[in-house]
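First up is the structure itself, then whatever we jot down about it.
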Amino acid sequence: MNKTTNWPATVRELGEMAANKDLDASAMLAELEAQFGPCPMPPTGYTLESAKSGRWIGTETMNRSWILTPGWKFDTGHCIDVWTVDYRDLTPTEALQLGTALIQAAQTAGVTEGE
């Protein structure tokens, strides 16, 4: 399922939107905020991974067999990337550690149980 947003993703896109309506950028932002509410902002402490991806990333959690990277994009919201070193079976202890790390990452993203 794709989500769309009417907020510009780049300054260039904002400029194009403003020019199409014969507005300056600040007037275009004011119009957008009046129509759609505040612009989605990345969580505190997240950094832009790359301008191309548009994904903001938080602090990684690591184990010898996996890495969790919390992410956020303005159009899709939160995600959690799970990277593994290679295909391997997890021990029960490693599975509990991974489960705990996933729960903590979800809670940090603001998700509560049952949502």
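The values are calculated or read from the model by the stated rules, or taken from the named source; none is laboratory data. Keep in mind that this is a model prediction, so the values were computed, not measured. All Cβ positions, glycine included, derive from the backbone under ideal geometry; neighbour counts span all protein chains shown. Side chains are part of the model used for accessible areas, which takes the heavy atoms of the whole protein and leaves out ligands, DNA and RNA. Shrake-Rupley method; radii C 1.70, N 1.55, O 1.52, S 1.80 Å.
Out of the DSSP beta bridges found with both residues in the chain, what percent are antiparallel (nearest 5)?
Details: 14 of 14 bridges.
Taking every DSSP beta bridge within the chain, about 100 percent pair in antiparallel fashion.
With the other protein chains left in place, how much accessible area per residue, in square angstrom, belongs to the range 15-67 at a 1.4 angstrom probe?
70 Å²
Within the range 47-111, what whole-number % of the accessible surface is contributed by carbon and sulfur, with the 1.4 Å probe and all protein chains included in the calculation? Can you show the working numbers first?
Values: 2640 of 4400 Å².
Here carbon and sulfur together make up 60 percent of the probe-accessible area.
Can you give the helix-only mean residue ellipticity at 222 nm for the chain, where every DSSP H stretch with n ≥ 4 adds -39500 (n - 2.57) and the sum goes over all residues, rounded to the nearest 500 deg cm²/dmol?
Calculated mean residue ellipticity at 222 nm is -10500 deg cm²/dmol.
With label points built 7 Å along Cα→Cβ from the Cα atoms of R12 and T44, find their separation and express it in nm.
It works out to 3.4 nm between the two label points.
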